[in-house]
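Chemist: I'd like to ask some things about the structure below.
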Number of protein chains: 2
Amino acid sequence: MSDLAAKMRAIVGDANVITDDFAAYANDWRKKYFGKPLLVVKPGTAAEVAAVVKLCAETKTSIVPQAGNTGLVGGGVPDESGTEVIISVARMNKVLEVDTINNTMTVEAGCILQTLQETAAEHDRLFPLSLAAEGSCRIGGNISTNAGGVQVLRYGNTRELVMGLQVVLPSGELWDGLRGLRKDNTGYDLKHLFIGAEGTLGIITAAVLKLFPAPRATQTAFIALESPQKALDLLSHMKGALGDRLTAFELISAFGLSLVTKYFPQLKSPLPGDYPWFVLTDIADSRDAAALTEEVEVALGVALEREIILDCAIAKNETEGKRMWELRENMTESQVHEGRSIKHDVSIPISKIAEFISAADAALEAAYPGVRIITFGHVGDGNLHYNIAHPLATHTEPNWVKEWEKVNLIVHDTTAKFNGSISAEHGIGQLKREEIKRYKAPLELAVMRQIKVALDPQNIMNPGKVI
Amino acid sequence: MSDLAAKMRAIVGDANVITDDFAAYANDWRKKYFGKPLLVVKPGTAAEVAAVVKLCAETKTSIVPQAGNTGLVGGGVPDESGTEVIISVARMNKVLEVDTINNTMTVEAGCILQTLQETAAEHDRLFPLSLAAEGSCRIGGNISTNAGGVQVLRYGNTRELVMGLQVVLPSGELWDGLRGLRKDNTGYDLKHLFIGAEGTLGIITAAVLKLFPAPRATQTAFIALESPQKALDLLSHMKGALGDRLTAFELISAFGLSLVTKYFPQLKSPLPGDYPWFVLTDIADSRDAAALTEEVEVALGVALEREIILDCAIAKNETEGKRMWELRENMTESQVHEGRSIKHDVSIPISKIAEFISAADAALEAAYPGVRIITFGHVGDGNLHYNIAHPLATHTEPNWVKEWEKVNLIVHDTTAKFNGSISAEHGIGQLKREEIKRYKAPLELAVMRQIKVALDPQNIMNPGKVI
């Protein structure tokens, strides 16, 4: 046992330093990155995290912070050098306080997202962050990646849900910014530096999160449309008619939907006709369900009349609504069955989405005739998961994967043309660290680096990620 | 004429360098700070700002960025050395783009807030930032101070309304972050560093701002209550019943209201009975006015029944609503007539407001028997303007002002006890730069300084402010 491991054990206890079986920590969820850590350390308190980081700082040992390890860009995976220490906050999973008057909860970084949703619900409140990995992702990771999900339209990204943070800095000092204040203009807002920094500036150990009144009723609708442009027209119409009660607005292409119904035959389209595009939407409110349904019916009736939409199905109850969502939730899985597709997580100013889809579709078709595009995503936020399956006539799945970088280049160059982002909600991590240099101004990268150097002069905090 | 002035004229034109008549620029609006600049330079474009800052960087000349010069903490006023150059963005007042589908507008930093509200309204959208100085303050200043105002409850602070920024850095380099993206996780979120930095990290030259659906109806109500605790109970009740339609929730003490009706006899309380506390609230919605009024009546009816409130007046129309708001808007002015009061701008976790008021009231009464406290503010955000008028028996207005620091100390120490902030929405500037050291952890101040040094190593950008 190394001297470092012994010192770590003295801080966190023998059982919480792992020196051999790294399987649960060394690889990412998508099995794209396989790292080799020196140790995995699992502190139980913020003070222990601080002591562990201090030891790393003294010994110039690189740190990889980790929470639920469900990230999609390799941000929580160590390199292969066998010299990096993973600090896992998974044991720090206590809800420290729920304040229903201030509408906040103070939680440790290792809390599982679903637990926090449930805690809020137990207090008749909503914690609106919701995403596919919610059963296993942990809030410290959600904050470090500024996670998005399906309710950003109404409630914002994770960034907007964080009111205060507690962070261990690369020096091992503990910054206590666990404030529950809606207004505080006393200098630079440091918490925003750590949110979305993917663990490169410090380790988040606890947070004060915003709670919302629990909606009394949610109405789901599944809508058929002619084109992405009509989806944007519908978005404007619905926002005008229903204000911010619109909580989700997802675009689904016919091809994307057809893969779901092909591989999950128990799932049926609520609108089985031959339509090219669909929108799945949720509208939530503090009013009673009947009144809400009536308003949604009126709004969609007007949309039909004005020929913004072709048809629509309004869920009669929660079960029907859930079934509609199962179509959306199985889109990623269905693509696995069809053969690995080349994935993107882009965002575009909402007004340019239809143009972007046309331009990107055309560029891909020119490069790969017969290419099959699965277009879906959080259109209400301008966020598309634009995934590209191989053309059947010219490619097979194994040789399609070799086109990954070339396809990325076409899609991301088109994204840049429309002033979009090549990583809307997944982050940079290792996956896009080189690529981002093509799209971000050198000045912006230089300022990011200045900040990194100022806070982490030894470059021990998640080196090789983001910048 | 100095060499520097000549070079500035070559950049911005002769008419836009002021070398003598500094009256409109050198002093703050409250007439607390009287500075002496070397020059006032008024660039017309971001490129001109960049060239001017570059020249200052080369000559190590200190810069004071200025927009509408309506700040309340001396953040936009130069020192008395006669060596600082004011860079005013007032001429840069163009709305560059309104995108009603993306719900954004791109504007130059010198745009007057009210113009932006009107521009949004012309496009059937809402730009919700609203505060007393809106007729003369400029958006660059609003962003640099992260301005608050009366609609934070529903729409957030200025920070939450900014999607992208263009900033001239202390080096004179121009960072173009004018993005209109709701999701963009590609590294550190630099815009949040500049928002609320009071011009110490760079000069904001343009911004992409968020727009919202224009509400179709607003219902104002004036409510009498027994105590601040009951106001918190009402806030919870209203949030549960009306969700995020609650856009303003202001507490007013009976003494505060009595000063308004004393000095503005044309203004009458809608509830003339003998009540100790009042709440003024707005509820806005995309629905029609009649339906909204009915919902508000039901919610307040329940509050009466449950004895949360003592009485209420629901405005019958817009004019009545406006009259209710005139009471609130004249609170500051009425205090001037009564004799200068010692002002505070504190925020507290909402759940602790009632306890804070009791504790601060008691501490002040112990120190100054008969002290008269004007308690009002944006209670929905936890923000109180807690102003202290002299006790009639022992003090006069002139000798009361001498107690300023002692009174500040009592109020701010009490604020700190409840984990509050001593500057909720006005910032630090010069006014609270020393005081903040008492309340902020040395580590947090050290990190702020690290960032300042990283971005402005010569310390030329608004030196002597914030940190």
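Chemist: In whole Å, how far is the Cα centre of the range B:64-88 from that of the range A:316-330?
Modeler: The range B:64-88 and the range A:316-330 have Cα centres separated by 57 Å.
Chemist: Calculate the tail of P(r) for the range B:228-326: the fraction of all Cα-Cα distances greater than 20 Å, expressed in %.
Modeler: Pairs farther apart than 20 Å: 37 percent.
Chemist: Oh, and also: Restricting the count to DSSP beta bridges whose residues both fall in chain A, what percent are antiparallel, rounded to a multiple of 5?
Modeler: 85 percent
Chemist: Spelling out what I want: for every residue of the range B:244-261, take phi, set θ = phi - 60°, compute 6.51 cos²θ - 1.76 cosθ + 1.60 (Karplus), and round to whole Hz; glycine and proline get x.
Modeler: For the range B:244-261, the Karplus curve yields 7, 6, 5, 10, 8, 8, 10, 8, 9, 7, 4, 5, x, 5, 5, 5, 5, 6 Hz.
Chemist: Please state the charge dipole magnitude for chain A, taken about the Cα centre, from unit charges on C-beta atoms (+1 on K and R, -1 on D and E), reported in debye and rounded to the nearest 20.
Modeler: My answer is approximately 920 debye.
Chemist: Short version: ³J(HN,Hα) in whole Hz for each residue of the range B:380-393, in order, from phi by Karplus 6.51 cos²θ - 1.76 cosθ + 1.60 (θ = phi - 60°), x for Gly and Pro, what are they?
Modeler: Computed from phi, the couplings for the range B:380-393 are x, 9, x, 10, 10, 9, 10, 10, 10, 9, 5, x, 5, 6 Hz.
Chemist: Sticking with this one: Given label points at 7 Å from Cα along Cα→Cβ, what nm distances, shortest first, separate residue B:401 from the same residue in every other copy?
Modeler: 7.7
Chemist: Only Cα pairs under 8 Å and at least 6 apart count here; give the relative contact order of the range B:98-162 as a rounded whole percent.
Modeler: After rounding, I find 29 percent.
Chemist: Something else: If you add up the charges near residue B:336, with Lys and Arg at +1 and Asp and Glu at -1, over every other residue whose beta carbon is less than 13 angstrom from its beta carbon, what do you get?
Modeler: Neighbour charge sum, excluding residue B:336 itself: +2.
Chemist: Follow-up. Out of the DSSP beta bridges found with both residues in the range A:16-105, what percent are antiparallel (nearest 5)?
Modeler: Within the range A:16-105, antiparallel bridges account for around 40 percent of the total.
Chemist: Considering only protein heavy atoms and a probe of 1.4 Å, how much of the accessible area of the range B:1-72 is carbon and sulfur, as a whole percent?
Modeler: The C+S portion of the solvent-accessible surface of the range B:1-72 is 53 percent.
Chemist: Could you tell me how many degrees, from 0 to 90 and to the nearest 10, lie between the Cα long axis of helix A:3-12 and the main elongation axis, the longest principal axis, of the Cα atoms of chain A?
Modeler: Once rounded, the angle reads 70 degrees.
Chemist: Pick out, from A:461, A:212, A:119, the residue whose Cα sits farthest towards the positive end of the charge dipole of chain A, with +1 on the Cβ of Lys and Arg and -1 on the Cβ of Asp and Glu.
Modeler: A:461
Chemist: Hey, another quick one. Suppose we keep just the DSSP beta bridges with both residues in the range B:56-188; what percent of those would be antiparallel, to 5?
Modeler: Looking only at bridges with both residues in the range B:56-188, the antiparallel portion is about 70 percent.
Chemist: OK, next. Can you give the accessible area buried between chains A and B, summed over both chains, with a 1.4 Å probe, in Å² to the nearest 100?
Modeler: Summed over both sides, the interface buries about 6600 Å².
Chemist: For residue A:322, give me every one of the lysines with a C-alpha distance below 22 angstrom, ignoring sequence neighbours fewer than eight places off in its own chain.
Modeler: Output for residue A:322: A:262, A:268.
Chemist: Turning to a different aspect of this structure: Have a look at the range B:162-182 and report residues whose accessible surface goes down by 20 Å² or more when the remaining protein chains are included, against the chain on its own, probe 1.4 Å, ligands and DNA/RNA excluded.
Modeler: Relative to the lone chain, where solvent access is computed with a 1.4 Å probe, the range B:162-182 loses at least 20 Å² at B:169, B:173, B:175, B:179, B:181, B:182.
Chemist: List the trypsin sites (Lys or Arg not before Pro) within the range A:314-421 that DSSP assigns to loop and that have no more than 11 neighbouring Cβ atoms inside 10 Å.
Modeler: Those satisfying the criteria are A:316, A:402.
Chemist: What is the helix-to-structure angle for B:289-305, meaning the angle in degrees between its Cα long axis and the longest Cα principal axis of chain B, kept from 0 to 90 and rounded to the nearest 10?
Modeler: The helix B:289-305 is inclined about 60 degrees to chain B.
Chemist: Going through the cross-link list A:402/A:432; A:210/A:316; A:343/B:183; A:60/A:452; B:7/B:54; A:191/A:452, which pairs have a Cα-Cα distance over 20 Å in this structure?
Modeler: A:210/A:316
Chemist: Taking only C-alpha pairs under 8 Å that are 6+ residues apart, what is the relative contact order of chain B in percent?
Modeler: This gives 15 percent for chain B.
Chemist: Starting from the range B:230-308, pick out the GluC sites (Glu not before Pro) whose DSSP state is loop and whose Cβ has at most 11 other Cβ atoms within 10 Å.
Modeler: Answer in residue order: B:307.
Chemist: Report, for residue B:135, each distance to the same residue's label point in the other copies, shortest first and in nm; define the point 7 Å along Cα→Cβ.
Modeler: Inter-copy label distances (nm, one decimal, shortest first): 6.0.
Chemist: List the residues of the range B:193-223 that lose 40 Å² or more of accessible area once all protein chains are present, compared with their chain alone (1.4 Å probe, heavy atoms only, no ligands or nucleic acids).
Modeler: Those are B:193, B:213, which lose 40 Å² or more relative to the chain on its own.
Chemist: What is the set of long-range amide H partners of residue A:177 at a cut-off below 5 Å, with H atoms built 1.01 Å from backbone N?
Modeler: So residue A:177 has HN proximity to A:165, A:166, A:167.
Chemist: Roughly speaking, what is the centre-to-centre gap between the range A:176-209 and the range A:393-454 when only Cα atoms are used, to the nearest Å?
Modeler: 27 Å
Chemist: If you don't mind, there's one more thing I want to ask. Solvent-accessible area per residue for the range A:380-465 at a 1.4 Å probe radius, Å²?
Modeler: 41 Å²
Chemist: For the range B:13-112, which GluC sites (Glu not before Pro) are in a loop by DSSP, counting at most 15 other Cβ atoms within 10 Å?
Modeler: B:80
Chemist: Using the alpha-carbon atoms, what tilt in degrees (0 to 90, nearest 10) does helix B:404-417 show relative to the longest principal axis of chain B?
Modeler: The two axes meet at around 70 degrees.
The values are calculated or read from the model by the stated rules, or taken from the named source; none is laboratory data. Model, not experiment: these values are computed from the prediction. Here Cβ is always computed from backbone atoms with ideal geometry, including for glycine, and neighbour counts include all displayed protein chains. Just the protein is used for accessible areas: all its heavy atoms, side chains included, with ligands, DNA and RNA removed. Shrake-Rupley method; radii C 1.70, N 1.55, O 1.52, S 1.80 Å.
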